[in-house]
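A short worksheet on the structure shown next.
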Amino acid sequence: MTIIAPSILSANFARLGEEIGAVEAAGADWIHVDVMDGHFVPNLTFGPPVIAAVRSATSLPFDVHLMIERPELSVADYIAAGADRITVHAEACVHLHRTVHDIKERGLPVGVAINPATPVTALEPILQYLDLVLIMTVNPGFGGQAFIPYSLVKLRQLRAMLDERGLNAVDIQVDGGVNPRTAPMIREAGANVLVAGNAVFAERDRAAAIAALR
Ligand code: DX5
Ligand code: ZN
C-alpha cells in the first residue's frame, strides 16, 4: 500500500493547523514536515516551536525531514516537539553512522535522505540500520519544482540494493515533483512512500488529489 505524506511546506502557513486537519480528513497517511535552516538549503521554514504548536492538530505521524546542518545537535528538540520519525541528510552529517544510531537509540524510526547528485551507494554501509531512505527528486529547498527524471535510475538501484540484502522492511520515500503524472513511474520504480506538496495543497479537493497519487 502506498503511503501518501503531504508536505506542509505547500500549506497555508496562516492556517497551518487547519490545513493539517484537512489533509488528515482527506486521507493522508503521514504529515511531511520540511524543516529548513537557510544554510543547508537556501530557504528557512520552521522548527520545534511551530511543530509543537500544530502537534495537536492531528494524530497522524509527523515525518520530519531535517534539511539542516548539524542535525545531530537538535534531534532531541524535534522529538520533544512531536516528531514521530526523523530523516537527516547524508550530506549534512559528518558522522552519519553515529547520528543514525543516536536517533534509533531515542526510539524513533530513522531515515536518511540523499540529494539528486548523491549516489545511492553512499548509503550502502548503513542501509541495514535504516527504517527509510529518502530519494530527493528535486534540489531541496522549495516546493513546486520539476521532478528530476534520473531519480528513477537511483530508485531502481536502491530497490535492487535493498532486495539483494533482504532489507524488505526499509521504506523508500520520494520527495519533490510528485504528482499524478510522476507517481505511477515512481511507484513502479520501487518507492512506497510519496511526499507531495503542491500536488495536494494547491488543489481544492485534497481527497481527490491524494487519491490520484495512490
Ligand atoms: C523540498 C521539500 C519537499 C517539497 C515537495 O525541499 O523537501 O518536501 O516540499 O514539494 P512538491 O511536492 O511541491 O515538489
Ligand atoms: Zn521534504
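The values are calculated or read from the model by the stated rules, or taken from the named source; none is laboratory data. Not measured: the values here are computed from a predicted model. Cβ placement follows ideal geometry from the backbone for every residue including glycine, while neighbour counts extend to all protein chains displayed. Surface accessibility is based on the protein's heavy atoms, side chains included, excluding ligands, DNA and RNA. Shrake-Rupley method; radii C 1.70, N 1.55, O 1.52, S 1.80 Å.
Tabulated data for the structure shown
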| read-out | value |
| --- | --- |
| Rounded Å value of the spacing that divides the Cα centres of the range 1-69 and the range 85-142 | 18 Å |
| Sum of -39500 (n - 2.57) over DSSP H runs of 4+, divided by residues of the chain (222 nm, nearest 500) | -8000 deg cm²/dmol |
| The chain - Kirkwood radius from inverse mean 1/r over Cα pairs (Å) | 16.9 Å |
| Given charges at beta-carbon only (K, R positive; D, E negative), |dipole| of the range 1-106 in Debye | 120 debye |
| GNM result for the chain, Cα springs below 10 Å: residue of I103, I126, I68 fluctuating most strongly | I126 |
| Carbon and sulfur %, accessible surface of the chain computed with the full protein complex present, 1.4 Å | 53 percent |
| For the range 161-169, 3J(HN,Hα) per residue [Karplus equation, 6.51 cos²θ - 1.76 cosθ + 1.60, θ = phi - 60°, Hz, x = Gly/Pro] | 4, 5, 5, 4, 9, x, 8, 6, 8 |
| Over the chain, relative contact order from alpha-carbon pairs under 8 Å, at least 6 apart, % | 22 percent |
| 3J(HN,Hα) from dihedral phi, the range 138-144, Karplus parametrisation 6.51/-1.76/1.60, rounded to Hz, x for glycine, proline | 9, 6, x, x, 8, x, x |
